[in-house]
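Let me begin by presenting the structure, written as structure tokens, before commenting on it.
Every number in this text was worked out from the coordinates using simple rules, so none of it is lab data. The structure presented is a predicted model; accordingly, all values stated were derived computationally and were not measured. When we count neighbours, we look across all protein chains shown, and the Cβ atoms used for this are built from the backbone with ideal geometry, even at glycine.
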Amino acid sequence: MKAGRKIIHIDMDAFYASVEQRDHPELRGKPIAVGGAGMRGVVASASYEARQFGVRSAMPSVTARRLCPQLIFVRSRFDVYRDVSHQIRDIFLEYTDLVEPLSLDEAYLDVTDARRGPRSATLIAGEIRRRIREETGLTASAGVSFNKFLAKVASDINKPDGQKVITPEEAIPFLEGLPIEAFHGIGKVTAEKMRRMGIFDGAGLKRFTEAELVRRFGKVGRHYYRIVRADDSREVNPNRIRKSIGAERTYKEDLADIGEMKDKLSYLAEVVYKYMEKADNFGRTVTVKAKMPDFRVITRSRTFATEVRRLADLAAIAHGLLEENKEEVGSVRLLGLAVSNLAREHAADGIQLEFDFERQKEEEE
């Protein structure tokens, strides 16, 4: 364990919803959800007033409305959220160059050798949270520890507008008592599988050998074995490389006509191509994703010897993948398009790669 490092994980509180409540005083104190209100809508963010009713992000809007009949839906404004995110990131960069954004609303900071502020990571986290509140009118929660995993878990402990520190001496007892569903990276399905194995907390997970966990869960079992022992040597990487650039859309009505699907893919190709062109980062693998009305998902890919560098080629490849699988696709409620095997990925020897699929969360008009 590298106990000498000082890692902070900052996580904005109900970010999109909080921005809307900040900018629209009439929404303050009310249960709101950012996202589409229609039958195919999905909640992108829920205010804490809405969360009291069980409303959560990624929940179908119909379900959210059923849980909270008085829920107010607000259309998303991603340009505004990005501007606020950049404002917050500028605050981070005053303290350290080692800032690794995970999304618009969260980031890791390595303040082991901070360029300003107190020497204590705990005090720096508090100072950053204060500045975010004063300069943006929003609140953030923070986790402070000696590795990324613990900092990430800690930031959830005292939400909203709270802070949690896990010292090297506290790490193992903390992890042993942590409910298995609270381990970052262990989702509902895996948590349920673990409970069937008699694993209900970190202490239960720790009873299994690495070989046993790999046998039960595959390669990720090695990760579970390490994290419950506070073993996480990942560095905060300000130059995180994309593994994929993509976009997807959920449609208000199912699409059954292949021509209409191709039109939608053409639009997605334009979105993806603009991202690649702006970043000057083109890829060799094209993937089409389709979600059926029964929520079954299929993906189909094709890899080429060289990068796909023309919009027309990208659209044609997407159309071809759809055409080749049209019998299996049938009708769809969602289409997605992604490009991976990116040029910069291959140029980044020695850099840990993390998936960063750029999702378009607003419904198609």
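Here are the numbers for this structure:
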| item | result |
| --- | --- |
| Segment 198-237 and segment 26-67: distance between their alpha carbon centers, rounded to Å | 34 Å |
| Mean Cβ neighbour count within 10 Å, used as a protection proxy, ranking 29-36, 54-61, 132-139 highest first | 29-36, 54-61, 132-139 |
| Inter-label distance for GLU26 and THR122, nm, one decimal - labels placed 7 Å from Cα along Cα-to-Cβ | 4.5 nm |
| Segment 241-354 - Kirkwood radius from inverse mean 1/r over Cα pairs (Å) | 14.3 Å |
| Prolate/oblate/rounded label for segment 61-174 (Cα gyration tensor, a/c 1.5) | oblate |
| Kyte-Doolittle mean at least -0.5, axial Cα span of 30 Å or more - DSSP H helices of the chain | 258-279 |
| Label corresponding to volume of the Cα convex hull per residue in Å³ when calculated from the structure given, among (i) 146; (ii) 159; (iii) 120 | (ii) |
| Cleavage-rule hits (trypsin sites (Lys or Arg not before Pro)) in segment 252-341: DSSP loop, at most 16 neighbouring Cβ within 10 angstrom | ARG296, ARG309, ARG310 |
| Within straight-line cross-link reach of LYS264, aspartates and glutamates at Cα separation under 14 Å, skipping those fewer than 8 residues along the same chain | GLU248, GLU253, ASP254, GLU323, GLU363, GLU364, GLU365 |
| Point-to-point label distance, ILE298-GLU210, nm (Cα→Cβ direction, 7 Å offset) | 4.0 nm |
| Over 21 Å (Cα to Cα) - which of LYS252/LYS291; LYS291/LYS326; LYS219/LYS291; LYS148/LYS278; LYS164/LYS206 fall in this group | LYS219/LYS291; LYS148/LYS278; LYS164/LYS206 |
